[in-house]
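**Student:** Quick one: structure below, then a few questions.
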Amino acid sequence: MTMLGGPGAGKGLGGKGPGGASAIPFVTEREFEAVVLRSELPVMVQFTSDRSQQCRQVAPEVEAFARDVEGKVNVVYVDVEKAPMLARELRVQQVPMFVLFAEQRIVDGAVGVVTKKKLREMVEPFLPRAAGALKAPELAQLVKEGAVVPVDTRDAPAFGRAHIPSAINMPIETIEGRLAELHMLAGQPVVYCRAGDKTKDLAARLAEQGVPVAFLEGGFLAWESEGLPVKRP
């Protein structure tokens, strides 16, 4: 990590990101309040310097992250050598440093070379949730209360190897032809797949048809990662 100050301090980035040309905007001290503190969206701020090798190293991850969260999270750079008062106020002593602002306050931060996955984990609690989305602990509680029936949309062999207790198996390619059966279950159906992406798309399609259905965010992998019960042969 690059320490602030020293030879080269005051040298600007001139509109280029740490890795060269960048679509991520730079924010000045004068703009910071309006762009960051008053933003309706969460804002990930990277404090950076063109003298930092680690800033250049992390740039592809930050650029990829910014593309992934476009429209949901604003991502901006602050050049510490052009914003010394801001750097002092936020106690930026090393770069790269990441600070996440949401609801007009600092909610998370990280220092050093981080991955796109890490940045995503930082913003995840502040992202808008899709209609019908349930997190694994939420689903577990609803299952315990008997309010829902998990619907495993993977193929029969995958279901047979491991599934959420009390789940029924209804392969995803059959569901849109079995909607009446789906809604005759003993509780509200909650569909899930391996990683959540397929059932998220399924829920969106069904919602467009006027048949809303809940789905498990992150799928069976999210359920397992929470250490929740799994039924195996």
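The values are calculated or read from the model by the stated rules, or taken from the named source; none is laboratory data. Keep in mind the model is a prediction, meaning the values are calculated, not measured. FYI the Cβ positions are ideal-geometry reconstructions off the backbone, even for glycines, and counts take in every protein chain you see. The accessibility values were calculated without ligands, DNA or RNA, using every heavy atom of the protein model including side chains. Shrake-Rupley method; radii C 1.70, N 1.55, O 1.52, S 1.80 Å.
**Student:** Starting from the Kirkwood Rh over alpha-carbon pairs, what translational D in µm² s⁻¹ does the chain have by Stokes-Einstein at 37 °C and 0.692 mPa s?
**Tutor:** Stokes-Einstein gives a translational diffusion coefficient of 163 µm²/s.
**Student:** Let me ask you something else. So, R0 is 25 Å and r is the distance between the beta-carbons of Ala195 and Val111; what FRET efficiency does that work out to, to 0.05?
**Tutor:** 0.25
**Student:** Of all the accessible heavy-atom surface of the chain, with the other protein chains kept in place and a 1.4 Å probe, what percent is carbon and sulfur?
**Tutor:** That fraction is 52 percent.
**Student:** On a straight-distance basis, which aspartates and glutamates could pair with Lys116 in a cross-link, Cα separation under 13 angstrom, same-chain partners fewer than 8 positions away excluded?
**Tutor:** Qualifying aspartates and glutamates at Cα under 13 Å: Glu61, Glu63, Asp68, Glu124.
**Student:** Express the C-alpha Rg of region 53-184 as a ratio against the empirical globular expectation 2.2 N^0.38 Å, rounded to two decimals.
**Tutor:** For region 53-184, the normalised Cα radius of gyration is 1.54.
**Student:** Go ahead and collect, in residue order, the members of region 192-221 whose backbone nitrogen is under 14 Å from a label point 7 Å along the Cα-Cβ direction of Ala147.
**Tutor:** 214-215
**Student:** Just order 187-193, 203-209, 81-87 by mean Cβ neighbour count inside 10 Å, highest at the front, would you?
**Tutor:** Put in order of decreasing packing, that is 187-193, 81-87, 203-209.
**Student:** At what distance in nm do the modelled label points of Val35 and Gln94 sit from each other, each positioned 7 Å from its Cα along Cα→Cβ?
**Tutor:** If labels sit at Val35 and Gln94, their model points lie 2.6 nm apart.
**Student:** Whole-Hz Karplus ³J(HN,Hα) for region 69-85, in order, using 6.51 cos²θ - 1.76 cosθ + 1.60 and θ = phi - 60°, x for Gly and Pro?
**Tutor:** So the Karplus estimates, Gly and Pro as x, are 9, 3, x, 10, 9, 8, 10, 9, 9, 10, 7, 4, 7, 9, 10, x, 5 Hz.
**Student:** With the cut-off at 1.5 for a/c, could you classify region 126-221 from its C-alpha gyration tensor as rounded, prolate or oblate?
**Tutor:** In terms of gyration-tensor shape, rounded.
**Student:** Over region 99-158, consider all pairs of different Cα atoms and compute the Kirkwood hydrodynamic radius from their mean reciprocal separation; express it in Å, one decimal.
**Tutor:** Computed over Cα pairs of region 99-158, the Kirkwood hydrodynamic radius comes out at 14.9 Å.
**Student:** Please list 3J(HN,Hα) in residue order for region 133-145, calculated via the Karplus relation 6.51 cos²θ - 1.76 cosθ + 1.60 where θ = phi - 60°; whole Hz, with x for glycine and proline.
**Tutor:** Listing the rounded values in order: 6, 10, 7, 4, x, 5, 5, 4, 5, 5, 5, 4, 7 Hz.
**Student:** May I pose another question? Explain nothing, just compute: Karplus ³J(HN,Hα) = 6.51 cos²θ - 1.76 cosθ + 1.60, θ = phi - 60°, for every residue of region 168-184 in order, whole Hz, x for Gly and Pro.
**Tutor:** Going residue by residue, I get 10, 9, 9, x, 4, 6, 9, 5, 5, x, 10, 5, 4, 4, 4, 9, 9 Hz, with x marking Gly and Pro.
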